[in-house]
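The values are calculated or read from the model by the stated rules, or taken from the named source; none is laboratory data. Being a predicted model, the structure only gives us computed values, none of them experimental. The protein model used for the area step is the full one, side chains on, heavy atoms only, and it has no ligands, DNA or RNA in it. Shrake-Rupley method; radii C 1.70, N 1.55, O 1.52, S 1.80 Å.
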Amino acid sequence: AREFEVEISKPKIKAKASRTFGVAINEDISAGLPLGQVTTIEEDGVVQEWNAKFPSMAISIGDVIVSANGKDSVPDMMQEFKNGGEKLLIKMKKVSQTFGIMVSSERGGGGYKAES
């Protein structure tokens with residue numbers, strides 16, 4: 001896994017309701033996932049907008065956020081996502097998930113067989 005930092009800014013909004021960063025991370029060690037692993041990216045959040053603008057540095061489900069604005073505990077990171085001001089500096093580990101699939105047609109089988 002490679003580690004990198006991204007700085008995401010919330011756009012200035014005149015409306016009272018501020019846009020959220022739109023990311024959720026695993027907060028429960030018993031869930032079987034690494035703490036800080038991205039579990040949700042909201043479609044209308046600032047992170048989704050960032051991903052569309054910078055696909056080579058996109059934050060993806062499965063990536064692990066190590067810190068947010070210098071905070072490295074999960075409760076503190078969640079607080080930064082919710083109320084961290086106009087900018088969010090995220091340090092994260094990009095987890096590449098690659099796999100191969102072999103698809104073959106078997107005569108008379110009426111379908112396909114996939115193996116990983």
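Odds and ends about this structure:
- Matching option when the condition is within 14 Å of T20 (Cα to Cα), at pLDDT below 75 and not hydroxyl-bearing (S, T, Y), among G45, G85: G85
- Identity of the residue in segment 99-116, in a loop (DSSP other than H, G, I, E, B) and modelled with pLDDT under 50, that ends up least open to solvent (accessible area, probe 1.4 Å): G100
- Among (1) at pLDDT below 85; (2) more than 14 Å from A24 (Cα to Cα); (3) acidic (D, E) - the single one E80 does not satisfy: (2)
- Screening the candidates I41, I25, I29, I59 for the property of being more than 16 Å from the chain's Cα centre (by Cα) and of a type in the set (A, V, I, L, M) yields one hit, I29.
- Selection status of D63, at pLDDT 85 or above and not hydrophobic (A, V, I, L, M, F, W, C): yes
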